């Protein structure tokens, strides 16, 4: 019963805020390290490093209403971490964006992650059976 009431209050609040220009909150500043890892599955330091790696391969903020690169990466990480629906991420109180914005962020961040400069730094495949066996035993 309490869950339904809370969900209804959150929906009412979200509907009320739809007409107001709002900026997502900064998870780096608000969340503890443990909360941050629970939400994004990466530490704050690793997330900051990832943002630095992705920045050259992402579109810069051109307008005042554009989301900054950091926020776009947070949105994608939240999706990757939970494998949730885009609408659930859109309603997250730290990100607070529309589902279509989540979709655009996912496309952009995924494209940046697949750029060879980034992909080759973060993803390693064994080149022979010895390395493959070693990896399987770890």
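Residues that are touching a residue at least 24 places away in the same chain (Cβ under 8 Å), at least 2 per element: which helices (runs of 4 or more DSSP H) completely within the range 43-134 meet that? Spell out the reasoning first.
On the way: elements: 44-54, 69-82, 86-90, 99-113, 116-122.
Result: 44-54, 69-82, 99-113, 116-122.
Is there any pair linking a residue in the range 21-32 that is assigned to a loop (DSSP other than H, G, I, E, B) to one that is modelled with pLDDT of 90 or more, with Cβ under 7 Å and at least six apart or on different chains, and which?
24/71
Which numbered condition in (1) farther than 19 Å from residue 33 by Cβ; (2) surrounded by 12 or more Cβ atoms within 10 Å (Cβ to Cβ) is the only one that residue 63 fails?
(2)
Before we move on, is residue 10 in a helix (DSSP H, G or I), at pLDDT 90 or above and within 19 Å of residue 101 (Cβ to Cβ)? Step through it out loud before you land on a result.
On the way: in a helix (DSSP H, G or I): yes; at pLDDT 90 or above: no; within 19 Å of residue 101 (Cβ to Cβ): yes.
No; evaluated as a whole, the condition is false for this residue.
Identify all residues within the range 35-65 that are more than 16 Å from the chain's Cα centre (by Cα) and more than 21 Å from residue 121 (Cβ to Cβ); write none if there are none.
Correct list: 60, 61, 62, 63, 64, 65.
The values are calculated or read from the model by the stated rules, or taken from the named source; none is laboratory data. Worth saying up front: this structure is predicted, and the values here are computed from it rather than measured. Here Cβ is always computed from backbone atoms with ideal geometry, including for glycine, and neighbour counts include all displayed protein chains.
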